[in-house]
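Remarks on the structure that follows.
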Amino acid sequence: MIGALDWLAFEEDSVRQRVVNSLDQEERNEWQYHWKLQARQAQLAPRGNWRTWLILAGRGFGKTRAGAEWVRTIAEENCEARIALISSSLTEARSVMVEGESGILACSPPECKPAFEASLRRVRFPNGAQAQLFSAAEPESLRGPQFSHAWCDETGKWPLSHDRATRAWDNLLMGLRLGHDPRIAVTTTPRAVPLVQRLLDNEKSGSVVVTRGSTYDNAANLPKRFLDAISSDFSGTQLARQEIAGEMLTDLEGTLWPRTTLERARAERSSEPMRRVVVAVDPPISSTGDECGIIVAAIGEDGFANVLADCSLAKAKPGEWAKVVATAAEHWKADRVVAESNQGGAMVENVLRAANASLPIKLVRASRGKVARAEPVAALYEAGRVRHCGSFPKLEDQMCGMLIGGQYAGPGRSPDRADALVWALTELMLGPIAKPSVRSI
């Protein structure tokens, strides 16, 4: 039945609905697996003599479903297909690409569902086609095997250390030599990392065809609560342009913090004890002016700094931001609250004491501009000595807007969140470091 209905892909929705209404129950059950009739045009492989199809789109666009259906189509049409499935880890390859809600198994009709042989990291299709799972964190595992096709998922988050992402890609290309028309599908949220940029650089040559899209392209299939949440939480940030609108953000010329550097710093929160924790505050001049920057950071036993939280507030009265500082200090068991005293002097300490009289406060006074103070901290990032334990879109937008030479070209009038970060890391990494008792957080 499915092949006989291919012509419907080019018809209007009203025609499709009349056909659906005429189907019996068995035919309707099969209908949901007819991808060409369900997909948006942007989710279907483009025509032409391309080698790599890159879907560069926001979260929830339907990239995973498009990749899984492409693999299923290849496998069903070619019993000799040997397909590489590559993700940032084997766990993600299995949980997203194979067993996920939009993965290969979920997309396949019950009567011809492939078998997943977990111990062999292999998906075996009924006609003999096979797909093998690989981790980009282990580039050498791609050295040796041969493939006719490959699906690479979330290449923007493939491991960057030791050039593992690039090495994994290069080894894949060297092994893509089976069949008469080897091809790769890449599905990823845009990130300013070398591999994604390399793929985009090949777009002009025609070897890479790029499909772009946003989260809202798939709004009909996404919960309204999810759409409302991302609009509320990320509205106005550059991260929204990247993660939702699907834009590839480029660095400002002369930025202290290239986005690639921040992506390299991204890590899961360490389970090891923290040696010292601080909450840093960049107080606003008034409650109607700039934000109050409030950043929590810690240094671990390994000597690496960890950015733990961004608790910054906009248009907050002194009592309000002081309460947030006190709460953060209590929650994270901070050894010290570091507060800039240029604006307000003793008033800053008094406000904090009013929120919690026992706060261990250290007032610091800036003798140089925000960007000048930031340069040695940016060097710590370049040296790989700072981790971002989570995503901090508004903070990172400000960091990327700080330019060598003293200018600020980021969002808002002032980089208050970034300045608080600088105070925190300066206290932890660039000054005398006390060694209080070790604790877990």
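The values are calculated or read from the model by the stated rules, or taken from the named source; none is laboratory data. As the structure is a prediction and not an experimental result, all values here were calculated from the model. Virtual Cβ from ideal backbone geometry, glycine too; neighbours counted across all protein chains shown. Keep in mind that these areas ignore ligands, DNA and RNA; they rest on the heavy atoms of the full protein, side chains included. Shrake-Rupley method; radii C 1.70, N 1.55, O 1.52, S 1.80 Å.
What accessible area per residue comes out for the chain, rounded to a whole number of Å², with a 1.4 Å probe? Accessible surface, normalised per residue, equals 47 Å². Just the protein heavy atoms count here, and of the accessible area of segment 24-158 at 1.4 Å, carbon and sulfur take up 45 percent. Normalised size of segment 155-278, defined as Cα radius of gyration per 2.2 N^0.38 Å with N residues, equals 1.31. Measuring only protein heavy atoms, the 1.4 Å probe finds residue 315 accessible over about 150 Å². Of all DSSP bridge pairs formed entirely within the chain, close to 35 percent run antiparallel. Take every pair of alpha-carbon atoms less than 8 Å apart whose residues are at least six positions apart; their mean separation over the length of segment 196-324 yields a relative contact order of 14 percent. Ordered from highest to lowest accessible area with the whole protein assembly present and a 1.4 Å probe, 381, 33 read as 33, 381. When all protein chains stay in place and ligands, DNA and RNA are ignored, the 1.4 Å accessible-area order of 331, 34, 180, largest first, is 180, 331, 34. Residues considered: 368, 212, 276. Largest GNM mean-square fluctuation over the chain, using C-alpha springs under 10 Å, is found at 368. Secondary structure note: in segment 280-387, about 55% of the DSSP beta bridges are antiparallel.
Between 323, 362, 204, the Gaussian network model of the chain with springs among Cα atoms under 10 angstrom shows the greatest mean-square fluctuation at 204. With only the Cα atoms considered, segment 217-290 has a convex hull volume of 213 Å³ per residue.
Using alpha carbons only, the radius of gyration of segment 89-153 set against its Kirkwood radius gives Rg/Rh = 0.95.
With q set to 0.13, 0.14, 0.23, 0.24 Å⁻¹, the log10 of I(q)/I(0) for segment 357-436, from the Debye formula over equal scatterers at the Cα positions, is -0.44, -0.51, -1.23, -1.30. Packing around the peptides 332-342, 259-269, taken as the average count of other Cβ atoms within 10 Å per residue, puts them in this order, highest first: 332-342, 259-269. In the calculated pair distance distribution of the chain, what percentage of Cα-Cα distances lie above 38 Å? Within the chain, distances greater than 38 Å cover 35 percent of Cα pairs. Ligands, DNA and RNA excluded, the heavy atoms of residue 320 present near 90 Å² of accessible surface to a 1.4 Å solvent probe.
Here the Gaussian network model covers the chain, with springs between Cα atoms less than 10 Å apart; of 189, 155, 73, 73 fluctuates the most. Each residue of segment 192-202 was assigned a 3J(HN,Hα) from its phi angle through the Karplus expression (A = 6.51, B = -1.76, C = 1.60, θ = phi - 60°), giving 7, 10, x, 5, 5, 5, 4, 5, 5, 5, 8 Hz with x at Gly and Pro. Report, to the nearest 10°, how far helix 63-77 tilts away from the longest principal axis of the Cα atoms in the chain, using its own Cα long axis and a range of 0 to 90°. Once rounded, the angle reads 20 degrees. With N counted as the residues of segment 50-106, its alpha-carbon radius of gyration over 2.2 N^0.38 Å works out to 1.14.
Using a 1.4 Å probe on the protein heavy atoms, what percent of the accessible area of segment 223-335 belongs to carbon and sulfur? Its accessible area is 51 percent carbon and sulfur atoms. Between the helical axis of 164-175 and the longest alpha-carbon principal axis of the chain there is an angle of about 20 degrees. Is segment 156-208 best put as rounded, prolate or oblate by its Cα gyration tensor, with a ≥ b ≥ c the root eigenvalues, rounded for a/c under 1.5, and otherwise prolate when a/b is larger than b/c, oblate when not? Here segment 156-208 falls in the oblate category.
The share of Cα pairs per 10 Å bin across segment 293-387, counted from zero up to the longest distance, runs 14, 43, 35, 8 percent. Measure nothing but the geometry: give the 0 to 90° angle between the long axis through the Cα atoms of 416-425 and the longest principal axis through the Cα atoms of the chain, rounded to 10°. Its long axis makes an angle of about 80 degrees. Here the chain is assigned +1 on the Cβ of each Lys and Arg and -1 on the Cβ of each Asp and Glu. Its dipole about the Cα centre then comes out at about 960 debye.
In this simple spin-label approximation, residue 203 and residue 231 carry label points 7 Å from Cα along the Cα→Cβ vector, and these lie 2.7 nm apart.
Summarised as an ellipsoid, segment 181-235 has semi-axes of 30, 14, 9 Å, derived from the eigenvalues of the Cα gyration tensor scaled by 5 and square-rooted, with the largest first.
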